[in-house]
Amino acid sequence: MKLSGGKIEAFLKAPDPKARIILVFGPDSGLVRERIERLGKGVVADLKDPFRVADLTAASLKDDPARLADEAAAIAMTGGRRVVIVRDAADALSSLVQGFLGDPKGDALILLEAGDLGPRSSLRKLFEGADNAAALPCYGDEGGSLHQVIVEELKTHGLTPEADALAYLMDHLGGDRRLTRAELQKLALYMGGPGRVTLADASACVGDTAALSMDDLAMAAAEGDHATAQRVLDRLTREGTNAVTVLRALSRHFQRLHFAAGLVAQGRSPDQAMAALKPPVIFKMADRVRRQIGRWPVDRVGRALELLIEAETDCKTTGMPAEELCSRAVMQLARAAGRAK
């Protein structure tokens, strides 16, 4: 069965008992892990319980294909239903999973953890089309979902973000659920207790690690500094940052430039346009952003946004290496900025 939108949360709260095996996949690895844990803990309170939880890898099943059915049919010595987790799942498991779905053994809940699988993925298609399986996609938080995560996580610590602080957090977080929660927990520790989170609090604590690298990349690309942009992109890739996450961070920066360019086209000065941006531009970045506003008129920045949307779509649908698609988009942006001098 194929899950999307509001059906995902409903399924997480009350999984369909017919779904013997669930594929959790997507570019947001933190959200994939979080949902795997949530589904697993619906059956077993402690996912480190060796009697009721089997934690396998796709490679181990390739060496011993019968192990999936064996683990699914095993009876826990301590009683209760078991959970079988398979890490690093990919299309190579399709035939094995298809055989299991045709003749499922035991009553264990089987959870497959996978990365970003495109619509053409044989494993994804298998789960989406099966009555006794479910495919649960995990894409980076943005818009309403990111707003909800931020507000709810801070609420657990007795914190309420002011409007500017919330806008800042939404601009600097998202893309990886686990990293988002870690940054918010760091902010809660910084606050030291319940209260209101100001923009100064948020900017002092959040955005000095991965988000800073994203800012460096966006600034370099928008300035036409291809060498720096590529160097930062290479670092992000080595650190495991997903290509779609990078493209969305670039899109957020160019959306801000598009808004400012629209104001300039209406007769405002670059300074006035920059002052209208929310969240406000950090002081040390002000001169650079002011120059970028002058470099990127509405039509050119509009084409840049189209390029980024196309690159993200290609990452999800073509099966081509996402890192290469992202790198090509960064190069195209830097070249466009260079021509705009």
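The values are calculated or read from the model by the stated rules, or taken from the named source; none is laboratory data. Everything quoted here is computed from the prediction, not taken from an experiment. Counting neighbours? That spans all protein chains shown, and the Cβs are built from the backbone with ideal geometry, glycine included. Accessible surface areas use protein heavy atoms only, side chains included; no ligands, DNA or RNA. Shrake-Rupley method; radii C 1.70, N 1.55, O 1.52, S 1.80 Å.
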> Any idea of the accessible area per residue across the chain, 1.4 Å probe, to the nearest Å²?
Replying inline: 48 Å²
> So, in nm, how far is label T317 from label Y190 when the simple model puts each one 7 Å beyond its Cα toward the Cβ?
Replying inline: 3.9 nm
> Between the stretch 157-205 and the stretch 286-305, what is the C-alpha centre distance in whole Å?
Replying inline: 28 Å
> Leaving out same-chain residues fewer than 8 places away, which aspartates and glutamates sit with a Cα under 19 Å from that of K41?
Replying inline: E9, D16, D49, D55, E71, D107, E113
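Nearest-5 percent of antiparallel DSSP beta bridges in the chain? If you can, show how the numbers build up before the last one.
Working: 0 of 23 bridges.
Roughly 0 percent of the beta bridges in the chain run antiparallel, per DSSP.
If R₀ is 30 angstrom, what is the calculated FRET efficiency for the pair A286 and R335, using the beta carbon separation as r and rounding to 0.05? Write out the running numbers ahead of the final one.
Numbers: r = 25 Å, r/R0 = 0.84.
For A286 and R335, the calculated efficiency is 0.75.
Set the bar at 27 Å for Cα to Cα. Now go through K18/K316; K13/K105; K2/K155; K13/K62; K13/K48; K155/K316 and name every pair that lies beyond it. Present the calculation step by step, with values, prior to reporting the outcome.
Working: K18/K316 29 Å; K13/K105 25 Å; K2/K155 32 Å; K13/K62 32 Å; K13/K48 22 Å; K155/K316 34 Å.
Over 27 Å apart, Cα to Cα: K18/K316; K2/K155; K13/K62; K155/K316.
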>> List residues of the stretch 312-329, by number, whose backbone nitrogen lies under 17 Å from a label position 7 Å along Cα→C-beta of R303.
In response: 329
>> Quick check: residue separation of A163 and R120 times 0.36 nm, minus the Cα distance between them. What number comes out in nm?
In response: 11.4 nm
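About the Cα centre, and with charges only on the beta carbon of Lys, Arg (+1) and Asp, Glu (-1), how big is the dipole of the stretch 243-321? Nearest 20 debye, please.
Numbers: 13 positive and 7 negative charges, 71 e Å.
Charge dipole, the stretch 243-321, about its Cα centre: 340 debye, nearest 20.
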>> Report the Cα-based extents of the chain along its three principal axes, largest first, to the nearest Å.
In response: 71, 46, 31
>> Using the basic label-point model (7 angstrom from Cα toward the beta carbon), what is the Q272 to A92 distance in nanometres?
In response: 6.1 nm
> FRET efficiency for K7 and K105, Cβ-Cβ distance as r, R0 = 22 Å, nearest 0.05?
Replying inline: 0.20
> Excluding same-chain residues fewer than 8 positions from K278, which aspartates and glutamates have a Cα within less than 15 Å of its Cα?
Replying inline: E162, D164, D171
>> Can you give me the long-range amide H partners of V197? Hydrogens built in the peptide plane at 1.01 Å from N, cutoff under 5 Å, separation of 5 or more residues or another chain.
In response: T160, E162
>> Under 8 Å for C-alpha pairs, at least 6 residues apart: give me the relative contact order for the stretch 59-191, rounded to a whole percent.
In response: 19 percent
> Carbon and sulfur together cover what percent of the accessible area of the chain at a 1.4 Å probe radius?
Replying inline: 53 percent
>> Explain nothing, just the number: relative contact order of the stretch 201-341, from Cα pairs under 8 Å at least 6 residues apart, as a whole percent.
In response: 35 percent
